[in-house]
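A short write-up of the structure that comes next.
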């Protein structure tokens, strides 16, 4: 099961390119980030995805766009940017 520690570990991963959802979340309040992080972790755990999947998504354009949707558009369209089954 993925946790907040896994999500935070992406930023410390030597393969992290410095962008995606992880980059986007640093500009917003702890409350906003907590809501978005919970959505991400719930989705990834529901789909039984692993850290590798989380890392790749959180360091991707879709991850960045998810952050844009969550933080700039009140979540509108965010679900469509999470990984599909």
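Derivation of every value follows stated rules applied to the coordinates shown; laboratory data play no part. Please read all numbers here as calculations on a predicted model, not as lab measurements.
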*Among 71, 44, 52, which one shows the biggest mean-square fluctuation in a GNM of the chain, springs joining Cα atoms closer than 10 Å?*
52
*Under a no-solvent Debye model with one identical scatterer per Cα of the stretch 1-75, what's log10 I(q)/I(0) at q = 0.23 Å⁻¹?*
-1.05
